[in-house]
Amino acid sequence: MSRPPFTFYEFFAGGGMARLGLGLGWECVFANDFDAMKADTYRANFGDGHFDARSVWKLAAADLPGRADLAWASSPCQDFSLAGGRAGLGGGKSSAFFGFWRLMQALANEGRAPRTIVIENVVGLFSSHGGLDFEAVCAALGGAGYRFGALEVDAAAYVPQSRVRCVIIATLEDTGGLAGAPPASRNVAEARARLPVALANRWIDWRLPAAPRRNVDLAALLEPDDAVVWRSPEQTEALIELMDDLHRRRLRSALASGERRVGTAFRRMREGRQRTEARWDGLAGCLRTPGGGSSRQFVLVAEAGEVRSRLLTPREGARLMGLPDSYQLPQSVNAGLHLAGDGVVAPMVGHLSEAILRPLLAGRSSQAA
């Protein structure tokens, strides 16, 4: 008889990208996100039976069934990012973490603490407020009896998108051979070194093997040229005019190659002026939510001595998050881009599942918290 699937709660679920990444062998028994667009998208793809669209602050332990093997929380990241001004856990969005943690404490009081918790966020969590925000998360986990450790993971290992994330894995389980590797990241090493002794003693150096070699580049995920809307030559030239000398040289190099070269670009504010910054390394820049003019990503194509430009499409953004083309996106362009830019890369979740989470949970029963 096959083993029943591992069960999980998915908090700040967005469009269910963690669920997609976990894949077969996992059963979602509760999902939550209060954003109406994300809730509609989640339901369109996975149904409504276990989804709750209330604010995390309005949920109670009674709303969560059973005792889950895993609680996944991709908590709001805006206040840990540069774009969010690094307000940290005191910010209006990222403070939702404490709404999630209130539920974890309530479950523990009932003897239903999840066996393992994953907290995924932007890499800025490591250093926000001099490391105090990271310490606060670790203190919450340690105070509930969990041992924990963090990884710095770049989605570029899985999809052609540069997207670096902080992933904290906390557990009540015996880690066995899953621990013992030295930190592979300076951010992780420095965050661990800043922790007080009591928390440092609960630290786990997780052993994450390298992901299978990625076999697609950016160009492979783009729509055909005749299926997208290109910007005018004048608009493209205006984009090039905003480049500094370094980015102009890179553009000239792409044109001089004699091959079709595909790049991406953002407009950013640098030293008080707007600049176009492009990359030609086969990767997209980190997807963002389309909250302002500088957050929309451009696709550049250098070919036959000419440069064309256009905006990245929502479907292309979804592919860059590892979502299949069968995944139902919102109809609005901005909503589709927002969903992709605010999500978690599904293949990254899958790798964490196969390399750490499933082996961890398939081991001995959980220790007492």
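The values are calculated or read from the model by the stated rules, or taken from the named source; none is laboratory data. From a predicted model like this one, the values you see are computed outputs, not experimental measurements. Glycine also receives a Cβ, built like all others from the backbone with ideal geometry; neighbour counts cover every protein chain displayed. What goes into the accessible areas is simple: the full protein's heavy atoms, side chains included, and nothing from ligands, DNA or RNA. Shrake-Rupley method; radii C 1.70, N 1.55, O 1.52, S 1.80 Å.
Annotations for the structure displayed:
- C-alpha long axis of helix 36-46 to longest principal axis of the chain, angle in °: 80
- Within the accessible surface of the chain, defined with a 1.4 Å probe on protein heavy atoms only, the carbon and sulfur portion equals 51 percent.
- 0 to 90° range, to nearest 10: angle between helix 96-109 axis and the chain longest Cα axis: 20
- Relative contact order (%) - segment 187-310, alpha-carbon pairs under 8 angstrom, separation at least six: 25
- Packing rank of 271-279, 150-158, where each peptide gets the mean count of other beta carbons within 10 Å, highest leading: 150-158, 271-279
- Phi angles of segment 355-361 translate, via the Karplus equation with coefficients 6.51, -1.76, 1.60 and θ = phi - 60°, into HN-Hα couplings of 7, 10, 5, 5, x, 5, 7 Hz per residue; Gly and Pro are given as x.
- Accessible surface ranking that places the most exposed of 7, 116 first, with a 1.4 angstrom probe: 7, 116
- Accessible surface calculations at 1.4 Å, restricted to protein heavy atoms, place segment 126-272 at 50 Å² per residue.
- Here the chain yields Rg over Rh of 0.99, to two decimals, using C-alpha coordinates and the Kirkwood radius.
- Cα long-axis angle, helix 245-256 against the chain (0 to 90 degrees, to the nearest 10): 70
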